[in-house]
1. Read through the list (1) farther than 21 Å from Asp12 by Cα; (2) open to solvent by 60 Å² or more (accessible area, probe 1.4 Å); (3) at pLDDT 85 or above, then give the number of the only condition that Trp131 fails.
2. Among the numbered criteria (1) of a type in the set (A, V, I, L, M); (2) open to solvent by 30 Å² or more (accessible area, probe 1.4 Å); (3) at pLDDT 95 or above; (4) not in a helix (DSSP H, G or I), which one does Ala94 miss?
3. Give just the number: which of (1) out of contact with any Asp or Glu (no Cβ under 8 Å at 6 or more places or on another chain); (2) open to solvent by 60 Å² or more (accessible area, probe 1.4 Å); (3) assigned to a helix (DSSP H, G or I) does Met106 not satisfy?
4. Condition test on Ile64, is it open to solvent by less than 20 Å² (accessible area, probe 1.4 Å) and either aliphatic (A, V, I, L, M) or under 18 Å from Lys125 (Cα atoms) (or both)?
5. List the pairs whose first member sits in segment 16-45 and is within 22 Å of Asn61 (Cβ to Cβ) and of a type in the set (Lys, Arg), whose second member is open to solvent by less than 70 Å² (accessible area, probe 1.4 Å) and assigned to a helix (DSSP H, G or I), and whose Cβ atoms are under 9 Å apart, counting only residues at least 6 apart or on separate chains?
6. Please determine, by comparing only the residues of segment 50-61 that are open to solvent by 20 Å² or more (accessible area, probe 1.4 Å) and over 18 Å from Tyr103 (Cα atoms), which one is farthest from the chain's Cα centre (by Cα).
7. Among the candidates Asp16, Asp12, which residue alone is outside any strand (DSSP E or B) and touching a Gly at 6+ places or on another chain (Cβ under 7 Å)?
Amino acid sequence: MSLKGPIISIEDDPDDQFMIEHTIRKLGVANPIRFFGNGQEALDYLESTTEQPFLMLCDINMPIMNGIELRQRINQSEYLSRKAIPFVYLTTTASEESVNAAYAAMVQGFYEKAPSASAFQEQLKLIIDYWQSCLHPNRFIHFV
């Protein structure tokens, strides 16, 4: 995994996009952040970019292509699944059904957005710290 690669956020709510970016910057994380308003926009980017993203943070409920559909499409793509980009759901509401569907699609984490700014900051810190220190298969793969 590219520790300096972009953090990909798939989030359709502009207020949540602002909160994610503000919180990541407050944590001192220097990675670029790329925002996409739905899964189809993110998939188009992932299929065409030469960047190796550091992490994907994805909402569940979005227009055009939701987070579960996006994860399934990534899994179906040999190119994208080989990239092994850490994929974590960060969503406003979670149900038993959505959590089960996420893990059935081999997601690496599922978080319900914390209700306060300080708790949300701790949540993002935990996620980013974990993936910064984790050994990951794509550390050994070079993409062009």
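The values are calculated or read from the model by the stated rules, or taken from the named source; none is laboratory data. Because the structure is a prediction, the values reported are computed rather than measured. Counting neighbours? That spans all protein chains shown, and the Cβs are built from the backbone with ideal geometry, glycine included. Calculation scope for accessible area: heavy atoms of the full protein, side chains included, ligands and nucleic acids excluded. Shrake-Rupley method; radii C 1.70, N 1.55, O 1.52, S 1.80 Å.
1. Against the list (1) farther than 21 Å from Asp12 by Cα; (2) open to solvent by 60 Å² or more (accessible area, probe 1.4 Å); (3) at pLDDT 85 or above, Trp131 comes up short only on (2).
2. (3)
3. (3)
4. Numbers: open to solvent by less than 20 Å² (accessible area, probe 1.4 Å): no; either aliphatic (A, V, I, L, M) or under 18 Å from Lys125 (Cα atoms) (or both): yes.
When the stated conditions are applied, Ile64 does not pass them.
5. Arg34/Ala42; Arg34/Tyr45
6. Thr50
7. On the way: Asp16 fails: touching a Gly at 6+ places or on another chain (Cβ under 7 Å).
Criteria check complete, one pass: Asp12.
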